[in-house]
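For reference, the structure discussed in these notes is given below.
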Amino acid sequence: MDPILILLVEDDPFMRKLLGKVLEAHGYKVTMAVDGLEGLRFAREVKPDIIVLDVMLPKMDGHKVCRILKSDPRSKTIPIILHTTQMGEQEERIAKEVGSDAFVVKNNTLTELLNVIQELTSKRSLK
């Protein structure tokens, strides 16, 4: 069985490298984008199994990317995790409004992100 392909959309080079290494160490295949427009393009071209999407991105923010992908029949079933430093009820409400499947705060442990990825990809494989 092929490894799960994650599209990581993150503009911070340190965070992108850290998350990429952690995800690969857990057996995932990772492709990366550095801004919202590139993330949108990669999502359509690569068709990942799951997307970890930063909210604060150059060129197009993660909310808009998520909304576009979830409104497109070709990509609406791809699980999207909004990954952000912003926390609170308003951010969670917006994440739901744009159609994200999960919301993970960057300041929390990487274990939380890994658990959410596993949960979302196991649901997908059951369909």
For the stretch 106-120, what does the Karplus curve 6.51 cos²θ - 1.76 cosθ + 1.60, with θ = phi - 60°, yield as ³J(HN,Hα) per residue in whole Hz, taken in order and with x for Gly and Pro?
4, 5, 6, 5, 5, 4, 4, 4, 4, 5, 5, 4, 4, 4, 5
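How large, in Å, is the stretch 5-126 by the Kirkwood hydrodynamic radius built from its alpha-carbon pairs?
It works out to 14.0 Å.
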Show me, for the stretch 82-99, the HN-Hα J-couplings you get by feeding each phi into the Karplus relation (A = 6.51, B = -1.76, C = 1.60, θ = phi - 60°), rounded to Hz, glycine and proline as x.
7, 10, 8, 7, 6, 10, x, 5, 5, 5, 5, 4, 5, 4, 5, 4, 7, x
Glu119 paired with Asp12, simple spin-label distance in nm, labels 7 Å along Cα-to-beta-carbon:
2.2 nm
Packing-based exposure ordering (other Cβ within 10 Å, fewest first) of Asp12, Asp54:
Asp12, Asp54
Going down the list Lys59/Lys106; Lys21/Lys106; Lys17/Lys106; Lys76/Lys96; Lys17/Lys70, which pairs span over 19 Å between their C-alpha atoms?
Lys59/Lys106; Lys17/Lys70
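Among Asp49, Asp72, which comes first, then next, by fewest other beta-carbon atoms within 10 Å? Don't skip to the end; give the middle numbers.
Working: Asp49 20, Asp72 13.
By the 10 Å Cβ count, ascending: Asp72, Asp49.
Every read-out reported here was derived from the displayed coordinates using simple, explicitly stated rules and does not represent laboratory data. Note that the structure is predicted; figures quoted are calculated from it, not measured. Cβ sites come from the backbone with ideal geometry, for glycine too, and all protein chains shown count toward neighbours.
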